[in-house]
Amino acid sequence: MKQLALDIGLAAGPTLANYFAGPNQPALNHLSLWLGKPSSLAQRSPVPTYLWGPTGSGKTHLLRAVLVSLADEGKAAGWLDAAMPEPEAFDERWGAVFLDDVHLYTAVQQQAAFNWFINAQSHQLAVFAAGKLPPADLRLREDLRSRLGWGHTFALQVLSEPDRRAVLRQQADARGVFLSDELMDYLLSRFSRDLGSLMQILEQLDAYALRTQRAITIPLLKAMLDET
């Protein structure tokens, strides 16, 4: 059986509003407060923010949510993640810098990230970064690692099963979809702990049920996955 691992937050457009915080509420509050400041970048704190935690805790969702919010204000920003082998040069027109999956950075990416960090500091711009490990445990060049750890740092957690169950139930009810206890147990025992993956499945299952005019059941879920 295939496992769907896409993040529904990214597919639908990540926002702070559609991030299900649970134990990660302090990080959400911090980012909301930063965005809630006057839209003049000069009035927003340039102190860097670093989020760390396991896959599925929402690190990328939160970074992209802030990025999208800045874009809505008409502000460009720098984005670097491990899938970008040739980072672009720092742009003075950026409103902030975003560094995702820093624990995976190559030497070239680390050099670019350090350069971006230094330039962001000189222009009084915020840096938002994320990785799987706390700053002290990152195997990065020391000048970059130390800078990632001197600002606001938040440890994120994957939502507990009761929290994921509650969110799935809430989202299903909002869609007018009935999830039986058996189907809920099936989803939570066989798929990723990542809430985004579970929300992806729920969205696809709802659409598949409408297209096939069938009730949402375990056999329907299996049929959908067979077609994926």
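Every number in this text was worked out from the coordinates using simple rules, so none of it is lab data. Owing to the predicted nature of the structure, the values given are computational and were not obtained by experimental measurement. Ideal geometry is used to build each Cβ from the backbone, glycine not excepted, and the neighbour counts take in all protein chains shown.
Overview of values
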| quantity | calculated |
| --- | --- |
| Global form of the chain, assessed from the alpha-carbon gyration tensor, a/c cut-off 1.5 | prolate |
| Coarse-grained scattering of region 21-155 at q = 0.14, 0.22 Å⁻¹, given as base-10 log I(q)/I(0) from a Debye sum over alpha-carbon atoms | -0.56, -1.50 |
| Dipole of the chain, positive direction: furthest Cα of Val97, Leu168, Asn119, with charges on the beta-carbon | Leu168 |
| Residue of Val108, Val97, Val167 that the Gaussian network model of the chain assigns the largest fluctuation, springs spanning Cα pairs under 10 Å | Val108 |
| Prolate/oblate/rounded label for region 161-227 (Cα gyration tensor, a/c 1.5) | prolate |
| Pair Thr106, Arg211: separation of 7 Å Cα→Cβ label points (nm) | 3.7 |
| Listed residues Gln124, Gln200, Gln43, most fluctuating in the chain (Gaussian network, C-alpha, under 10 Å) | Gln43 |
| Computed lengthening from Gln124 to Asp226, 0.36 nm per intervening residue step minus Cα-Cα distance | 31.6 nm |
| Spin-label model distance (nm) - Thr15 vs Arg175, 7 Å beyond Cα toward Cβ | 1.8 |
| Amide proton proximity set for Ala96, modelled H, under 5 Å, gap of 5+ | Gly78 |
| Among Leu179, Leu159, Leu28, residue whose mean-square fluctuation peaks in a GNM of the chain (springs only between Cα atoms under 10 Å) | Leu179 |
